[in-house]
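Enquirer: Here you go, one structure.
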Amino acid sequence: MSCITPCGPGLIIYPDLASIAARFPHIDKAIVRNDLAYSAMLVYLPHGLFGLMIASLAAAYMSTISTHLNWGASYAVEDCYRRFVAPDKDERHYVMIGRLVTVGLIVLASALSLWLHNSYQAFQILLQIGAGTGLIFLLRWFWWRINAWSEIAGMAISFVIAVYFQFVHTALGFKPLAPTVQLVIGIAITTVGWLAVTFLTPPTDRATLQAFYDRIRPMGPGWKAAVTTRSPNPGESVSAAFLCWFLGVAVIYAALFGTGYLLYGNTLPAIVCLVVAGLAAWGLFRTLPRVGFE
């Protein structure tokens with residue numbers, strides 16, 4: 001059953017893509033994909049609820065778009081333009097730049113949406129970007145040398161790689177790669193890129209590093225060379241912290257897959273996943289005191 005629907009009845013009415021195609025024979029076969037299941041269920045709503053559903057979808061869409069536009073404009077103006085390009089302008093100037101950036105983001109998003117054929121492509125781009133930068137966001141808590149340029153380089157490189165695999169790779173005549181292979185290649189290239197930028201750019205000043213260390217108290221030897229005064233908690237353990245991270249990931253994924261198997265009626269895999277989630281949760285709560293959580 002490859003059709004992903006938002007509710008249990010949808011799995012009964014449309015158990016696969018062929019059932020959607022049979023229900024809507026006049027729809028182009030090229031657009032009969034998994035993400036059509038939600039709209040296919042809407043035909044069973046009465047007129048009043050159907051209108052309410054359309055209004056809610058429009059409201060959710062506008063809410064998401066406005067949030068990301070404001071978010072993106074804020075990053076571009078406050079964190080980049082105001083900080084590095086024009087720090088001494090009045091507020092009216094920054095408001096004008098924010099409006100221009102908002103329009104630019106709308107144009108960029110519209111152009112990108114015309115290149116996408118389905119939501120899966122957008123998900124793959126986001127997954128590729130997140131996978132490429134994940135190591136930075138973890139190591140920055142354990143290694144003092146990672147700076148702002150490391151994160152900027154990682155995000156830029158992973159974004160370029162994601163766009164390349166989605167739109168350029170096959171256009172150049174290369175054989176399409178499996179998504180997992182794309183992820184591995186993207187992570188490798190991004191890691192080499194941000195590491196190079198890290199060592200080629202100056203580190204964060206010592207006062208800022210010391211203030212961060214005094215407030216956060218990061219564990220491990222990665223901060224030994226960055227700070228002058230260290231007062232680690234003798235009860236904290238780096239190995240226990242990584243074990244907690246692994247167990248937390250196991251709880252989340254096992255619970256998600258277990259719930260999914262239950263919805264699809266696969267009882268045995270569901271039981272196995274949920275048992276693993278329970279055991280991982282038990283181990284997590286037993287290990288938390290070793291990293292300072294009582």
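Enquirer: Quick check, is Val275 surrounded by fewer than 16 Cβ atoms within 10 Å (Cβ to Cβ) and of a type in the set (A, V, I, L, M, F, W, C)?
Expert: The answer is yes for Val275.
Enquirer: Could you say whether any residue in region 189-204 is open to solvent by less than 70 Å² (accessible area, probe 1.4 Å) and within 20 Å of Ala241 (Cα to Cα)?
Expert: Checked against the condition, which is being open to solvent by less than 70 Å² (accessible area, probe 1.4 Å) and within 20 Å of Ala241 (Cα to Cα), region 189-204 yields no hits at all.
Enquirer: So which residues in region 8-62 are in contact (Cβ under 8 Å) with a residue 24 or more places away in the chain, surrounded by 13 or more Cβ atoms within 10 Å (Cβ to Cβ) and not charged (D, E, K, R), if there are any at all?
Expert: Once the filter is applied, which keeps residues that are in contact (Cβ under 8 Å) with a residue 24 or more places away in the chain, surrounded by 13 or more Cβ atoms within 10 Å (Cβ to Cβ) and not charged (D, E, K, R), region 8-62 yields Gly10, Leu11, Ile13, Tyr14, Asn34, Ala37, Tyr38, Ala40, Met41.
Enquirer: Give all pairs with beta carbons closer than 7 Å in which a residue from region 236-264 that is at pLDDT 90 or above and surrounded by 14 or more Cβ atoms within 10 Å (Cβ to Cβ) meets a residue that is β-branched (Val, Ile, Thr) and part of a helix (DSSP H, G or I); count only pairs at least 6 apart in sequence or on separate chains.
Expert: Final answer for the pair search is Leu243/Thr287; Cys244/Thr287; Cys244/Val291; Leu247/Thr287; Ala250/Val276; Ala254/Val276.
Enquirer: Here's something else I'd like to know. Any residue that is more than 22 Å from Phe142 (Cα to Cα), at pLDDT 85 or above and in a loop (DSSP other than H, G, I, E, B) - is there at least one of those in region 178-201?
Expert: Yes, the conditions are met somewhere in region 178-201.
Enquirer: Would you check which residues across region 12-63 are more than 20 Å from Asn118 (Cβ to Cβ), among the small types (Gly, Ala, Ser) and within 31 Å of the chain's Cα centre (by Cα) and list them?
Expert: Passing the criteria: Ala55, Ser56, Ala58, Ala59, Ser63.
The values are calculated or read from the model by the stated rules, or taken from the named source; none is laboratory data. The shown structure was predicted, so the numbers you read here are calculated from the model rather than taken from an experiment. Neighbour counts run over all protein chains shown; Cβ positions are idealised from the backbone, glycine included. Side chains are part of the model used for accessible areas, which takes the heavy atoms of the whole protein and leaves out ligands, DNA and RNA. Shrake-Rupley method; radii C 1.70, N 1.55, O 1.52, S 1.80 Å.
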